[in-house]
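Chemist: So that we are looking at the same thing, I have put the structure below in structure tokens.
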Amino acid sequence: QTYTLRFNHVLGPNHPYHAGFQAWAERVAQRTGGDLRILVFHSSQLGIEEDIIEQLRQGIPLGQNTDGARLGNYVKELGVFNGPYFVESYEEVEKLASLPVVQGWVERLAKQYGIRVVCFNWVQGYRHFMTNKPVRRPEDLRGLRIRTPPAPVWQESVRALGATPVALPFGEIYSALQQRAIDGAELVYANIPDMSLWEVLRYVNETKHFLLINFQVVGEAWYQRLPANYRQILREECVRAGRETSMRIQQEEARIKQLVQQRGMTIVSDVDLAAFRKAAETAYERLGLKAVRDALYQALRK
Amino acid sequence: MLLSFAVFLLLLLLGMPVVFAIGIGGLVFFLTQPGLQLTMPVQLALAETQNFSLLAIPTFILASNLMNELGVTRRLLRFAHVATGFMRGGLAQVSVLLGFLMGGVSGSAIADATMQARLLGPEMVRRGYSRGFIAALQGFSGLLAVAIPPSIGLILYGSIGQVSIGQLFAGGIGVGVLLAAVYMLTVALLARSRGYLPETAPPTAKEVGAALREGFFAVLFPFLLLAALRFGVFVPSEVGAAAVVYALLVGLIYRELSLERVNRALAHSVRDVGMVALLIAMAAVLGYGMKWEMFPQQVSAFLLEAVQNPQVALLLILLALLVLGTVLDSTVMIILLTPILVPAAKALGIDLVYFGVLMVMTCAVGLLTPPVGLSMYSVCSVMGCSIGEYVREGWPLLVATLLVLLLVYLFPGVVLFLPRLLFGGGV
Amino acid sequence: MSRPANVLQRVEEFLAKAFLLASTLIVFAGGVGRFLGHPLDWSIDLATFTFAWAVFLGGDLALRENRHVAVENLLHLLPPGARRWARVGVWLLVALFLALFFVYSLQAAYQTRFRSFQGIPGFSYAWVTLSASAGSLLMLLTALGRLRQALKE
Ligand code: NA
Ligand code: NA
């Protein structure tokens with residue numbers, strides 16, 4: 001018997017994730033003799049993230065690249081993965097994935113809500129504030145209208161760090177910046193060349209406030225229909241491709257940094273990270289995720 | 001997926017309202033795929049209404065209807081009439097100029113054409129213009145709303161294809177100017193051969209001044225909205241809402257604002273919105289099968305392999321769009337084909353701003369070509385003429401439009417001049 | 001037209017207008033708020049929510065007045081008898097489609113009850129989905145009227 005999964009993500013076809021998902025698909029097909037196929041769809045071709053998650057919960061053979069903020073709608077604790085300054089390195093992300101308490105949340109997501117997390121070690125890198133004036137301390141962000149994804153976890157975090165969050169769709173960022181309808185955005189390095197943001201922004205301030213961690217999810221009903229060895233192959237290759245892609249993004253960042261500077265942007269690297277970390281505490285309190293985070297830190301012996 | 005399209009075409013020909021023919025065609029795909037559920041068409045249709053960028057459509061429709069009710073359009077018209085009424089076929093020239101001015105405010109060709117036909121039609125009939133010609137003229141003048149920013153077609157292309165809407169808007173201006181110039185030339189030639197006479201003597205500076213004073217806030221309308229866009233108050237998707245508020249204010253200034261008129265504008269608008277937006281929502285259902293089967297990827301792979309020469313490929317794409325446009329709605333085409341064609345154009349090395357403006361304009365021509373064209377239906381029903389009459393009297397305008405598209409195809413600078421000037425070299 | 005139907009249409013008309021106007025004014029307020037440095041977190045979601053309702057209610061208002069575009073060229077070439085049966089078939093299919101759409105929109109609303117708006121936590125997305133239910137039910141009633149008319153001809 002053969003199985004086909006259609007896997008959707010919101011990123012463009014040139015994003016390293018897209019190549020990463022295709023590598024995942026290729027290896028899974030190879031190891032299952034072509035019986036388990038994954039077709040990868042970029043640019044949200046199959047629909048909006050929230051709709052896809054609802055659809056895969058109904059057993060439709062779909063997968064989606066998503067984040068803790070969205071999954072936090074179902075299992076609240078998972079929202080902590082989207083908290084500011086939550087983890088500091090890729091190694092910590094992998095360690096988190098193996099913690100029993102985190103595994104417990106993942107199982108609850110599958111049992112209660114029908115969403116199966118295949119792996120969650122995909123990291124897009126640090127998000128930074130990108131503006132038209134240098135930002136070194138939280139005070140420097142005061143009064144700046146910063147485009148932020150329209151989810152409460154993001155909004156509260158950006159507010160706690162001192163900026164005024166503006167909810168706008170991703171596709172509106174360029175024109176809003178160009179028309180000065182917003183003063184900046186908070187994005188990862190790879191977004192800059194994708195949208196030619198050097199035309200409209202001058203500074204990348206390395207605030208490193210989020211390490212953007214992604215979850216690859218499929219429907220639990222579909223997942224349980226797979227033979228046990230296929231499920232294992234699907235998971236193993238997801239983790240492997242995730243590790244490779246995350247490393248690749250780290251390496252590419254150096255090249256993008258150079259390009260961004262050539263195009264006239266200034267990189268501000270002497271940011272007062274301690275002050276930003278302190279400011280971030282407010283977000284955890286407001287979101288009611290402080291206890292969850294501290295428990296995880298304890299488990300990590302941090 | 002093919003069955004889906006066959007069912008759509010069959011139902012269309014049987015006289016089913018297009019919106020349901022599209023919806024049922026789309027549903028067929030879900031019925032033939034055992035893995036899918038019938039809740040998905042509902043979700044897909046709804047997802048379209050949850051797209052922030054699409055809010056430009058209802059807001060601009062409401063703005064045009066308010067302008068019509070509150071006397072803003074009438075004042076614009078009076079100014080245009082003073083400025084061009086002395087030419088041969090003066091009211092016909094007025095139509096083009098009004099279309100040009102309205103183009104800077106309205107984003108929808110259908111709304112614009114309908115409004116102009118309602119506004120100018122009766123007077124033109126009285127002066128001896130044929131109904132078919134008036135219908136075609138107002139219909140084609142509506143195309144200026146697509147070229148000149150803000151433009152719903154360009155917003156759709158830009159947001160689906162992830163191309164800068166600001167640059168697309170700048171690119172549309174050149175095409176809009178060229179289109180208006182060619183239309184005025186065409187009208188002048190037709191006026192001579194068909195014997196349309198001037199309505200007024202050439203205006204004195206005083207008369208122009210008086211018309212401008214009387215209609216000051218109306219004439220300012222497009223410029224103020226553009227300023228609101230440039231000075232960072234609004235993003236393009238919000239300008240329509242600003243136009244609504246401005247129309248209300250101008251109505252207040254001119255003492256034409258009344259609850260009854262606003263109510264009437266709203267009544268017209270909800271019906272227009274219900275028609276246009278529901279069509280877009282259902283098109284998402286029909287388009288899903290194409291995506292599920294990865295049809296876009298196949299087409300772009302085909303274009304890349306079969307035609308290596310970007311110029312030839314572009315010409316083939318544009319011709320295909322014209323043919324498809326005879327039966328498909330332009331909005332539907334932009335929504336369905338942008339995700340297919342943008343990757344292909346990118347791979348062929350075609351500038352995406354240039355491609356976008358050409359593609360959107362070419363799709364928009366389909367609004368005016370039989371057998372299926374929303375603008376054509378609308379102006380013909382307002383003017384009470386048959387499609388045959390419209391074609392007989394209006395074909396020179398179609399030829400003029402195709403000529404402009406050919407010029408733009410041959411000289412990309414028409415589109416790219418302004419974006420390069422405003423945004424620098426790295427377009 | 002019977003009295004209850006008349007009342008229904010007036011309520012529908014009022015709601016459609018109110019939703020359209022609200023959607024527009026919310027978009028405007030969102031832009032102004034952002035310009036003044038006080039962006040409204042909920043403006044996008046509330047504007048698209050009201051837009052969905054305006055679309056589906058407006059869709060029925062347009063249908064009542066035959067404003068949805070159709071291509072009748074071919075139909076006019078048919079003999080009157082065949083034309084009548086084509087009409088009956090068309091409206092039967094439309095009614096069937098709308099009935100299915102209605103039923104599945106209810107199911108979709110139930111399925112999405114956990115999902116909330118991003119910008120308005122606690123406001124269930126099911127309220128958007130219900131706009132499709134209301135719209136398709138109203139259009140179903142209108143389509144059944146058309147079917148009855150076509151059968152009587
Ligand atoms: Na326009
Ligand atoms: Na057409």
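Chemist: Which of the residues that make up the stretch C:94-118 are open to solvent by 30 Å² or more (accessible area, probe 1.4 Å) and assigned to a loop (DSSP other than H, G, I, E, B)?
Modeler: Listed by number, the list holds a single entry, C:Gln118.
Chemist: Output the number of residues of the stretch C:94-115 satisfying the condition of being within 7 Å of chain B (Cβ to nearest Cβ) and of a type outside the set (Ser, Thr, Tyr).
Modeler: Matching residues across the stretch C:94-115 total 7.
Chemist: Then there is this: B:Ala181 is checked against (1) of a type in the set (Gly, Ala, Ser); (2) in contact with a Gly (Cβ under 9 Å, 6 or more places away or on another chain); (3) under 22 Å from B:Pro202 (Cβ atoms) and fails just one. What number does that condition carry?
Modeler: That leaves (2) as the condition not met.
Chemist: Follow-up question, since we're still on this one. Tell me, please, whether a residue that is crowded, with 19+ Cβ neighbours inside 10 Å and more than 14 Å from chain C (Cβ to nearest Cβ) can be found in the stretch B:367-380.
Modeler: The answer is no, given that none of the residues of the stretch B:367-380 is crowded, with 19+ Cβ neighbours inside 10 Å and more than 14 Å from chain C (Cβ to nearest Cβ).
Chemist: Kindly provide the set of residues from the stretch B:227-264 that are within 14 Å of chain A (Cβ to nearest Cβ), crowded, with 17+ Cβ neighbours inside 10 Å and not charged (D, E, K, R), ordered by number.
Modeler: B:Ala228, B:Leu229, B:Gly232, B:Val233, B:Phe234, B:Val235, B:Pro236, B:Ser237, B:Val239, B:Ala241, B:Ala242
Chemist: Just give me the residues in the stretch A:196-212 being buried (at least 21 other Cβ atoms within 10 Å of the Cβ) and touching a Pro at 6+ places or on another chain (Cβ under 8 Å), in sequence order.
Modeler: The answer is A:Asn205, A:His209, A:Phe210.
Chemist: In addition: Only residues in the stretch C:116-128 that are more than 7 Å from chain A (Cβ to nearest Cβ) count as the first member; pair them with residues that are open to solvent by 40 Å² or more (accessible area, probe 1.4 Å), Cβ under 6 angstrom, at least 6 apart or cross-chain, and list the lot.
Modeler: Listed pairs, sorted by first residue: C:Phe117/C:Phe123; C:Ile120/C:Trp42; C:Ser124/C:Arg113; C:Ala126/C:Arg113.
Chemist: Still on this structure, please answer the following. Any idea which of B:Leu348, B:Leu358, B:Leu405, B:Leu321 is closer than 29 Å to A:Gly47 by Cα and within 16 Å of ligand 2 (Cβ to nearest atom)?
Modeler: B:Leu321
Chemist: Output the residues belonging to the stretch C:62-93 that are at the interface with chain B (Cβ under 7 Å from one of its Cβ atoms), assigned to a helix (DSSP H, G or I) and within 14 Å of the chain's Cα centre (by Cα).
Modeler: If the condition is that a residue be at the interface with chain B (Cβ under 7 Å from one of its Cβ atoms), assigned to a helix (DSSP H, G or I) and within 14 Å of the chain's Cα centre (by Cα), then C:Ala62 is the only one that fits.
Chemist: Next up: If I ask for residues that are away from chain B (no Cβ under 12 Å), part of a helix (DSSP H, G or I) and either at positive phi or open to solvent by 50 Å² or more (accessible area, probe 1.4 Å) (or both), which ones from the stretch C:1-50 would you list?
Modeler: Across the stretch C:1-50, the qualifying residues are C:Arg3, C:Pro4, C:Asn6, C:Val7, C:Leu8, C:Val11.
Chemist: When you go through B:Gly171, B:Gly176 one by one, which is the residue that is within 14 Å of chain A (Cβ to nearest Cβ), open to solvent by less than 10 Å² (accessible area, probe 1.4 Å), away from ligand 2 (no atom under 16 Å from the Cβ) and part of a helix (DSSP H, G or I)? Outline the logic, then answer.
Modeler: Details: B:Gly176 fails: within 14 Å of chain A (Cβ to nearest Cβ).
Going through B:Gly171, B:Gly176 in turn, the sole match is B:Gly171.
Chemist: Can you name every one of the helices (runs of 4 or more DSSP H) wholly within the stretch B:80-164 that holds 2 or more residues which are polar (S, T, N, Q)?
Modeler: B:90-103, B:109-126, B:131-141
Chemist: Of all residues in the stretch B:381-402, which are away from ligand 2 (no atom under 15 Å from the Cβ) and surrounded by 15 or more Cβ atoms within 10 Å (Cβ to Cβ)?
Modeler: Matches in the stretch B:381-402: B:Val382, B:Met383, B:Cys385, B:Glu389, B:Glu393, B:Pro396, B:Ala400.
Chemist: Still on this structure, I have one more. Of all the helices (runs of 4 or more DSSP H) wholly in the stretch B:5-76, which have at least 3 residues that are open to solvent by 10 Å² or more (accessible area, probe 1.4 Å) and out of contact with any helix residue (DSSP H, G or I) (no Cβ under 6 Å at 6 or more places or on another chain)?
Modeler: Working: elements: B:18-32, B:39-49, B:56-69.
It comes to B:18-32.
Chemist: Turning to a different aspect of this structure: Of everything in the stretch B:166-184 that's in contact (Cβ under 8 Å) with a residue 12 or more places away in the chain and away from ligand 1 (no atom under 16 Å from the Cβ), which residue is nearest to B:Thr362 (Cα to Cα)?
Modeler: The qualifying residue nearest to B:Thr362 (Cα to Cα) is B:Val182.
Chemist: Only one of (1) within 14 Å of another protein chain (Cβ to nearest Cβ); (2) at pLDDT 80 or above; (3) surrounded by 23 or more Cβ atoms within 10 Å (Cβ to Cβ) is not met by B:Gln116, so which one is it?
Modeler: (1)
The values are calculated or read from the model by the stated rules, or taken from the named source; none is laboratory data. Keep in mind the model is a prediction, meaning the values are calculated, not measured. Neighbour counts run over all protein chains shown; Cβ positions are idealised from the backbone, glycine included. Calculation scope for accessible area: heavy atoms of the full protein, side chains included, ligands and nucleic acids excluded. Shrake-Rupley method; radii C 1.70, N 1.55, O 1.52, S 1.80 Å.
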